Amino acid sequence: MIDVSDVGKRLDVFVAEREGLTRSAAAKLAENGNVTVCGRVVPKNYRLREGDEVETVLPEPVPDRAEPEDIPLNIVYEDDSLLVVNKEKGMVVHPAAGNPSGTLVNALLYHCGDSLSGINGVIRPGIVHRIDKDTSGLLVVAKTDEAHLSLAEQIASHRFERQYRAIVNGHLREEQGRIDKPIARHPNDRKKMAVVAGGREAATNYRVLEQLNGADHVALQLETGRTHQIRVHMASLGHPLLGDTVYGGGRSRFETSHEELLRGQCLHAKTISFVHPKTGEVMRFDAPLPDFFTEALRLLGGLTFA
């Protein structure tokens, strides 16, 4: 419980003082949902009240820097400003606690050397956006700070197009729709995200491509890019992604009998489109569905979409 002297103080200022952090670092913790007041995620500018209990969950420490590793990459495009990678399922994007090596960043450092943007620091060089470990598909990586800033601005202004394919459990009531639900850290499980009132704006568009046996093959397009956005949004509709052990809430017969095939959520970042930071050309890339995805479609009685 806070002291009387802290009543009226901004949340980020309070956390910075209590944890010995910079105010910007404290603000980022609050924005990411790592700070709760009486069990609720609130804005960083929230003014503390008498009786408030503030809980801060500090992220686990990560290595000081990533090391180059000779790991094969599926590079679908590369020039002096950027490269586009088709990431395999199971590869972590950047080092973190529990995954200090074997990541996409380790592979990029070996392939590119010092030719990666430094805006995100030495642990995440070149990383403009990311996808989950068990999500396959396309990522753009910035080689220069100029390219990084341009791509980040396109993402922020919703001009960077990202289309996904997923298989979800059950059949959606509507063949297409828009999910507009705010996302923040789960109030009771800090390792998960959740739909939370007052969370960050999040919007996902979906369209059912085919009804399968007990599942739907779905195309999705992101308007925003929150952590675990598609997984959280689809679970909030009662149709979690096939193979998602974090947000699935249960195990279907198919998931139980094909666990080795799925190895996590059935989600693929299929298409990205953006304006090239240097040439102004509209760039569009498409990655075919991976083998695990097409096999799941086949086993569920569906067609194999390109």
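Quick notes
- Per-residue Karplus couplings for the range 277-291, computed as 6.51 cos²θ - 1.76 cosθ + 1.60 with θ equal to phi - 60°, are listed in order as x, 9, 8, x, 6, 6, 9, 9, 10, 9, 10, x, 4, x, 4 Hz, Gly and Pro entered as x.
- Counting every C-alpha pair in the range 95-220, the share spaced more than 20 angstrom apart comes to 61%.
- Computed from the Kirkwood radius of its Cα pairs, the Stokes-Einstein diffusion coefficient for the range 52-153 at 10 °C and 1.306 mPa s stands at 113 µm²/s.
- In this structure the amide hydrogen of Leu82, modeled in the peptide plane, comes within under 5 Å of the amide hydrogens of Lys143, none closer than 5 places in sequence on its chain.
- Most tightly packed first, judged by the mean number of other beta-carbon atoms within 10 Å of their residues, the peptides 253-262, 234-243, 33-42 read 234-243, 33-42, 253-262.
- Close amide H partners of Ile119, meaning residues 5 or more places away or on another chain with modelled amide H under 5 Å apart, are Gly126.
- Backbone HN-Hα couplings from phi across the range 26-37 [Karplus 6.51/-1.76/1.60, Hz, Gly and Pro as x]: 5, 4, 5, 4, 5, 5, 7, x, 8, 10, 10, 10
- Per residue solvent-accessible surface (Å²) - the range 227-306, probe of 1.4 Å: 46 Å²
- Across the range 212-227, rounded Karplus estimates of 3J(HN,Hα) from the backbone phi angles (6.51 cos²θ - 1.76 cosθ + 1.60, θ = phi - 60°) give 10, 7, x, 7, 10, 8, 10, 9, 10, 10, 7, 9, 10, x, 7, 4 Hz, Gly and Pro being marked x.
- Gain on full extension, evaluated as 0.36 nm per residue between Leu303 and Asp79 minus their Cα-Cα distance, stands at 77.1 nm.
- When peptides 148-158, 263-273 are ranked by their average number of other Cβ atoms within 10 Å per residue, the highest-first order is 263-273, 148-158.
- Close amide H pairs (under 5 Å, H built 1.01 Å from N) link Val196 with Ile183, Ala184, residues at least 5 positions away or on another chain.
- Rg(Cα)/(2.2 N^0.38 Å) for the chain, N = residue count: 1.06
- Inverse mean reciprocal Cα-Cα distance (Kirkwood Rh) of the range 171-306, Å: 16.2 Å
- Under 14 Å, Cβ to Cβ, from Gly118 - net charge with Lys/Arg +1 and Asp/Glu -1: 0
The values are calculated or read from the model by the stated rules, or taken from the named source; none is laboratory data. For clarity, every value in this text was computed on a predicted model and none was experimentally measured. Virtual Cβ from ideal backbone geometry, glycine too; neighbours counted across all protein chains shown. Calculation scope for accessible area: heavy atoms of the full protein, side chains included, ligands and nucleic acids excluded. Shrake-Rupley method; radii C 1.70, N 1.55, O 1.52, S 1.80 Å.
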